[in-house]
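The values are calculated or read from the model by the stated rules, or taken from the named source; none is laboratory data. For clarity, every value in this text was computed on a predicted model and none was experimentally measured. So basically every Cβ, Gly included, is an ideal-geometry build from the backbone, and we count neighbours across all protein chains shown.
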Amino acid sequence: MPPATTQPVLEWMGAMAEARTEFAKAWEAEPGTSKGAAEAIAAMRGALDHHIANWEALGLPDTHAPPTAERALSYFASPVDGLRVVSEPYVRDGQEQEALDWLKRSFSASADLEMLNDFAVMLHAAQRFEDAMAVLTAILYAEPDRDDARENLQALTGRPAR
């Protein structure tokens, strides 16, 4: 068994977030080149190897890895779940506003807000006014400066949207 680690041990999402960060930093050195791609992959592999060694040193503790390969691979492609997971300790510690801020970032990064705006327009056309208002309100929570959603909410309610 490897020697005990003195390094901080991240769970699955933290390890994936760090690997993505290392990949992105290395990629930026020579973007779009084979050398840049190779260095980015090596940087990501280095970060993952570091976390594997830490996990092994601790006897492979539960890292809260996803239940499926598809879900695990999705964490490499998108930081959205990482943003969501970051919010969880804030909820446990009673810091709801901080948790909401992280969840807002996760929602903004993951949702196609233009498509949701179009969906709200169709809900309005189908006379599902409360549903349309809920969708538009969520869009404006995520991105308060979206003029399209603001105008549609104003048209729906007959009053300026905040």
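Evaluate the following for ALA15: is it part of a helix (DSSP H, G or I), modelled with pLDDT of 90 or more, among the hydrophobic types (A, V, I, L, M, F, W, C) and farther than 25 Å from GLU143 by Cα? Against the criterion (part of a helix (DSSP H, G or I), modelled with pLDDT of 90 or more, among the hydrophobic types (A, V, I, L, M, F, W, C) and farther than 25 Å from GLU143 by Cα), ALA15 does not qualify. Within the stretch 23-49, residues that are touching a residue at least 12 places away in the same chain (Cβ under 8 Å) sit with their Cβ atoms under 7 Å from residues that are exposed (fewer than 14 other Cβ atoms within 10 Å of the Cβ) and not charged (D, E, K, R), at 6+ positions apart or across chains, in these pairs: GLU39/ALA29. TRP102 fulfils the conditions (1) within 21 Å of SER87 (Cα to Cα); (2) hydrophobic (A, V, I, L, M, F, W, C); (3) not assigned by TED's automatic domain parsing to the domain that holds PRO89 except for a single criterion, (3). Within the span defined as the stretch 55-73, every residue fails to be assigned to a helix (DSSP H, G or I), surrounded by 15 or more Cβ atoms within 10 Å (Cβ to Cβ) and in contact with a helix residue (DSSP H, G or I) (Cβ under 6 Å, 6 or more places away or on another chain). No other residue among ALA109, ALA149 is of a type in the set (A, V, I, L, M) and within 21 Å of GLY14 (Cβ to Cβ) apart from ALA109.
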